[in-house]
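Computed from the coordinates by the stated procedures, all read-outs in this text should not be read as laboratory data. Quantities reported herein were computed from a predicted structural model and do not represent experimental measurements. Here Cβ is always computed from backbone atoms with ideal geometry, including for glycine, and neighbour counts include all displayed protein chains.
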Amino acid sequence: MKNLSLPYILEVSKYDESRNEYRMGHCDTTLRQYISQRNNNLHFSTRKRIALQFLYGMSYIHSQKLLHRDISLQNVLMKVYESGAVLVKLSDFGLVKEHESTFTRAHTEMRGAILDPTLDNFRDYSVLYEIYAIGHVLSFIFTGRQSIAIGSNDVDRIVQKCVAHNLSERYPSVSELIADVENLDVPAHSISGSRDEA
C-alpha cells in the first residue's frame, strides 16, 4: 500500500513490526454506514461522485497490475468533511494479487465478502471477477440496497453488465465502466430538493 499513491487509496505511513500493525490515514465511516444512514436524502449527483471516486481508485489499482480480491462495502471507507464533502478511500489489501501471479494454489479457500458464483478457484481470479464485486458496490451506492435490482434504467443496465453470468458480456476493464458511469444523467425520478452532500 505504501507504493500506491492516489487520493482514493487509504494512506499507509508506517509499519510497526513489534505490534504487527500499520499506521494509516483516518476515515470516518464505511461506505455501508454512510449510504445506509443517508439513503433517503442522497441526491443522484452525490451518488455518482461517490461511485466515480470508487471506480477511479479501482482503475488505478488495476493500472498498477494489482487485483484487490476483497472489494466490499466494509473495505470502501469514507472521509467526511465538515462541509459535507466526502472522499472515498479503498482499504484492506490483505488479499491483493498481481495480475500475472500464479502463487495462489487452485484449492486455496476462496475469501472475500462478494464472491462471484462463476469463479471456481481463487487462482483463476482476474479483472472480470473483480468487475462482479465492483458491480455489487455500484448497485449499493446508487440504490442503498445490497440486492441487485433487475430493472431497465441506465444504472441497472450498468450493474447488470458488471454481474452478467457470461463473462464475455461483462465490462473488460474498469476504464470502460467509468466511461458509462460518467455519462449517467440524473434520472427523472431522482430525489429533488435534497442537499447535495459531496
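Between the alpha-carbon centers of region 33-62 and region 145-175, tell me the distance in whole angstrom.
Between the Cα centres of region 33-62 and region 145-175 lies a distance of 16 Å.
Which of the trypsin sites (Lys or Arg not before Pro) across region 30-75 are loop residues per DSSP, with 12 or fewer other Cβ within 10 Å? List each step's numbers first, then the result.
Details: sites: Arg32, Arg38, Arg47, Lys48, Arg49, Lys65, Arg69; in loops: Lys65, Arg69.
Passing sites in region 30-75 are Lys65.
So for Asp124, Asp154, fewest C-beta neighbours within 10 Å to most, what's the order?
Lowest to highest Cβ neighbour count: Asp124, Asp154.
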